[in-house]
Every structure is written in C-alpha cells, then in structure tokens.
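Scroll down for the structure; my scribbles are underneath it.
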Amino acid sequence: MNRRIVPDVISGRQELATAPATMTVREACVLMAKRRIGALMVVDGDKLVGIFTERDVMTKVVGAGRDPDAVRLADAMTRNPDTIAPGRPAREALEMMRKHGYRHLPVVDGADLIGMVSVRDLYATALGELEENLKEREAFIAGGAGYGLN
C-alpha cells in the first residue's frame, strides 16, 4: 500500500474534529454523534494534547460509573497520542494501529494539526488500491495494455 496519508487517505477539505480539554464528556459525545465520528483531537489552543475516543467513553467514563456531565475531556482522554505525518505511507498508519490496538490516529505536520485518519479510511484506501492493481493485471493479461501475445 504505497499511498500517502495526505492526499490519498484524507483530503485537505476535512474539517478538523477538535475539542478543548475543558469540554465535558457529554458535550464531546453529542459533538461526535452529530459529526458521525468516533474520535476527537483534544487541543489546548492549536496544540494537540490528547485524543478522546468512543473507547475512552466506554472504559473511562460509563464503565467506570462516572458522570459524563461532570467529567472533562482532560480527565478521560488519552494524553500525548501517537501521531503520523501527512506524507507517511498509509500502510505505516495501519501497522501502527494494528500494533497498538487503536482505530484513530491524528495526522500532524510539525505542530500543525492536519486531520484524523481512521482504520476505516485506511481499509477503504487499501481496497481501492487492490481494485486498481487487479484492473491493471486484467488489462495486462487481456492485452489491453499492449502486452498481449499477438
């Protein structure tokens, strides 16, 4: 999988899904449900300080019997998350996710937040690449690319 995180997996038009660490878990969940996303990048100003995911809601709040109206993201997020640079290969992001067991990975260029890549995004990219490879091989075998036996 040779495609890059940007522009092949996420595009520059992606609206950043961020929230301040002072936001309550309930407010974050409402935002995530409205945007139909599974994670938020938690920021202090423009600086990434954490990631808040559906898994954090389940394990650190609901499963722990805590009140989502009282718990702030600062107390439920995963601090200092792993990140990936936009020019890195998609397979590297997928391998990081597999190795560490997470499904969302912030994309950061130096100190600049670019977006978030999900395992679903990466699988869709891998499937697209496999389909392209298959079409190229079919064309090769059928002689459509000028390689057939005449």
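For the reader, a short list of remarks on this structure follows.
- Gaussian network model of the chain, Cα within-10 Å springs - most flexible of VAL25, VAL62, VAL108: VAL62
- Taking every protein chain into account, the accessible area of the range 1-84 amounts to 58 square angstrom per residue (probe 1.4 Å).
- Within straight-line reach of LYS99, meaning a Cα separation under 20 Å, sit the following aspartates and glutamates at least 8 residues removed in sequence or on another chain: GLU54, ASP56, ASP82, ASP121.
- Neighbours of LEU48 by Cβ distance under 15 Å: Lys/Arg scored +1, Asp/Glu scored -1, total -3.
- Rg/Rg_ref, the chain, where Rg_ref = 2.2 N^0.38 Å and atoms are Cα: 1.31
- Fully extended contour minus Cα-Cα distance, from GLU27 to ARG3, at 0.36 nm per residue: 5.1 nm
- Take the Cβ atoms of ASP109 and GLU136, set R0 to 30 Å, and the FRET efficiency comes out at 0.45.
- Net charge in the neighbourhood of VAL117 (other residues with Cβ under 14 Å of its Cβ; Lys, Arg +1, Asp, Glu -1) is +1.
- For the chain, the relative contact order works out to 26 percent when only alpha carbon pairs closer than 8 Å and six or more residues apart are counted.
- Net +/- balance of residues flanking ARG103 in space, Cβ distance below 11 Å, scoring K and R +1, D and E -1: +1
The values are calculated or read from the model by the stated rules, or taken from the named source; none is laboratory data. Owing to the predicted nature of the structure, the values given are computational and were not obtained by experimental measurement. Note that each Cβ is placed from the backbone with ideal geometry, even for glycine, and that neighbours are counted across all protein chains shown. These accessible areas exclude ligands, DNA and RNA; they are computed on the full protein's heavy atoms, side chains included. Shrake-Rupley method; radii C 1.70, N 1.55, O 1.52, S 1.80 Å.
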